[in-house]
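Data block below; observations after.
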């Protein structure tokens, strides 16, 4: 990873999205000494098959799981925006809240999800697409322009992000070798115990997919991204 990248902001819709889409890359960046911040947009309150579960209890569980997963990977901090899982909309409030996080943490690199519906690599969730689209709008131009969201000034001054990585792209511009951090990715995923009944089966699927993504480059395991270099 470029030495110009020192601060990284990872913005995803739900707890566990960051680990699935970029856990190995995040661990690798942390090992390189990058300062990494997570922003989780929704409360994760719908992701359960347990008929006795309540949204309030699930939110608390998933926040704790996300905190443990982030710590496993070496993430500095986790910010929860608290929007309702499955009901995300592209609103001014959401754009302002994401802009605030970009201006506050001033990342050189933003990692987020895929804004498109179709992909050969993963199932497309509406919250993922909305999150990704909002992040791109906030990176450019909203976080950059001082006249956007003037209520954020002077606490959150404008910031120009250098580049964006979009997760799980069909024709990736960036293939990250995560062979040395694959075990950490899996350890972080295991923190999200509320989301699976059989971690062994999940681990097998994740290993197979990561191996497939790395095959063309000769990597044992990889994660893939599209890359957008932002205008200055």
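The values are calculated or read from the model by the stated rules, or taken from the named source; none is laboratory data. Note that the coordinates shown come from a computational prediction; the quantities given were computed from them, not determined experimentally. Cβ placement follows ideal geometry from the backbone for every residue including glycine, while neighbour counts extend to all protein chains displayed.
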Mind telling me which of the residues 201, 193, 179, 173 ends up being surrounded by fewer than 20 Cβ atoms within 10 Å (Cβ to Cβ), in contact with a strand residue (DSSP E or B) (Cβ under 9 Å, 6 or more places away or on another chain) and more than 21 Å from residue 9 (Cβ to Cβ)?
179
Tally time: how many residues in the stretch 80-94 are over 22 Å from residue 70 (Cβ atoms) and touching a helix residue (DSSP H, G or I) at 6+ places or on another chain (Cβ under 6 Å)?
1
Any hit, the stretch 48-69, residues being modelled with pLDDT of 95 or more, farther than 22 Å from residue 127 by Cα, out of contact with any helix residue (DSSP H, G or I) (no Cβ under 6 Å at 6 or more places or on another chain) and assigned to a strand (DSSP E or B)
no
Please specify each residue of the stretch 184-232 satisfying the condition of being in a loop (DSSP other than H, G, I, E, B) and in contact (Cβ under 8 Å) with a residue 60 or more places away in the chain.
191, 192, 221, 230, 231, 232
Of the residues in the stretch 169-181 that are outside any strand (DSSP E or B) and in contact with a helix residue (DSSP H, G or I) (Cβ under 6 Å, 6 or more places away or on another chain), the one that is nearest to residue 225 (Cα to Cα) is 178
How many of the residues in the stretch 111-134 are touching a helix residue (DSSP H, G or I) at 6+ places or on another chain (Cβ under 6 Å) and at pLDDT 95 or above?
4
Take residue 107 and tell me if it is crowded, with 17+ Cβ neighbours inside 10 Å, assigned to a loop (DSSP other than H, G, I, E, B), touching a helix residue (DSSP H, G or I) at 6+ places or on another chain (Cβ under 7 Å) and at pLDDT 95 or above.
no
State the number of residues belonging to the stretch 136-148 that are part of a loop (DSSP other than H, G, I, E, B) and closer than 27 Å to residue 226 by Cβ.
4
Counting only residues in the stretch 51-70 that are without any contact (Cβ under 8 Å) to a residue 24 or more places away in the chain and touching a strand residue (DSSP E or B) at 6+ places or on another chain (Cβ under 9 Å), the one farthest from residue 6 (Cα to Cα) is identified as 59
Can you find, within the stretch 204-218, the residue that is surrounded by the fewest Cβ atoms within 10 Å (Cβ to Cβ) among those that are out of contact with any helix residue (DSSP H, G or I) (no Cβ under 7 Å at 6 or more places or on another chain) and under 30 Å from residue 61 (Cα atoms)?
205
Residue 38 - would you say it is farther than 30 Å from residue 175 by Cβ and touching a strand residue (DSSP E or B) at 6+ places or on another chain (Cβ under 7 Å)?
no
I want to confirm something. Restricting to the stretch 149-168 and keeping residues that are outside any loop (DSSP other than H, G, I, E, B) and touching a strand residue (DSSP E or B) at 6+ places or on another chain (Cβ under 9 Å), which single residue is surrounded by the fewest Cβ atoms within 10 Å (Cβ to Cβ)?
163
Could you go through the stretch 25-40 and let me know if any residue there is buried (at least 17 other Cβ atoms within 10 Å of the Cβ), modelled with pLDDT of 95 or more and part of a loop (DSSP other than H, G, I, E, B).
yes
Restricting to the stretch 70-100, count the residues that are in a helix (DSSP H, G or I) and surrounded by fewer than 22 Cβ atoms within 10 Å (Cβ to Cβ).
9
If I go through the stretch 1-24 residue by residue, how many of them are over 19 Å from residue 219 (Cα atoms) and part of a loop (DSSP other than H, G, I, E, B)?
9
